[in-house]
Amino acid sequence: MTHSVFHWLRVEAFVYATEKEDLVKETFSSLVGTDEFQTEISEGEHGNRMLILQFMASRQKEMDAVFGALGQKVLSDLTADLENRIDDDCVFYTRLDKQKAVQGEWAIAHHGDVISITGKVASNPAKKEIAVANMRNYLGSFAPSQAPREGAPEQAERSRT
């Protein structure tokens, strides 16, 4: 895509004291496509050390890296549920299962231990319906190529003779 799909896109995860920090950072890095992200040390509600990992994508290439990493299953699930994932302010929300992610699988989460992806979808005028359509087109751009299989042009040529 030549124009930016988002005004901003934020990816965020919490690393709790009971988790392997390096593993979560490595997983986060694989999602955002770089190891250059913010790491903030914080304190959990029980006084335990906690890290907050945050990546703000400012270029379309960075945004594409995030969505390109998710795989067809997640992209398909997101596309099917866009009406519920974009609010009236054109902000897109999704959460990925962090425990599955560290095991190498991207999946949409339905619980609290997540990697969150939030972004303001560009739409003019700023209406939910337009944002949903723009996001649907964007996610569709990651579909596998529908290029002809090898040999298909030859078969077509033979069928004409």
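Report note on the peptides 42-52, 86-96: ranked by the mean count of other C-beta atoms within 10 Å, highest first, their order is 86-96, 42-52.
Remark: C-alpha extents of the chain on the principal axes read 77, 38, 27 Å, sorted largest to smallest.
All other residues whose Cβ lies under 12 angstrom from that of ALA13 are scored, Lys and Arg at +1 and Asp and Glu at -1, for a net of -3. Dipole size of the range 37-140 about its Cα centre, with +1 on Lys/Arg Cβ and -1 on Asp/Glu Cβ: approximately 320 debye, rounded to the nearest 20.
Measuring nothing but how far apart in sequence close Cα pairs (under 8 Å, 6+ apart) lie, relative to its length, the range 1-157 scores a relative contact order of 27 percent. The trypsin sites (Lys or Arg not before Pro) of the range 3-37 that meet both conditions, a loop assignment by DSSP and at most 16 other Cβ atoms within 10 Å of the site Cβ, are LYS20. Lysine pairs in the chain whose alpha-carbon atoms fall under 19 angstrom of each other, counting only those eight or more residues apart or on distinct chains, come to 8.
Full extension of the segment from GLU45 to HIS110, taken as 0.36 nm per residue of separation minus the current Cα-Cα distance, would add 21.2 nm. Placing unit charges on the Cβ atoms of the charged side chains and taking the dipole of the chain about its Cα centre, the candidate lying farthest along the positive direction among ALA143, GLN54, LEU96 is ALA143. The length gained by stretching the chain between LYS20 and SER141 to full extension, at 0.36 nm per residue less their Cα-Cα distance, is 40.1 nm.
No value in this document is a laboratory result; all are computed from the given coordinates. Because the structure is predicted, anything quoted here is derived from the model rather than measured. All Cβ positions, even for glycine, are placed from backbone atoms using ideal geometry, and neighbour counts span all protein chains on display.
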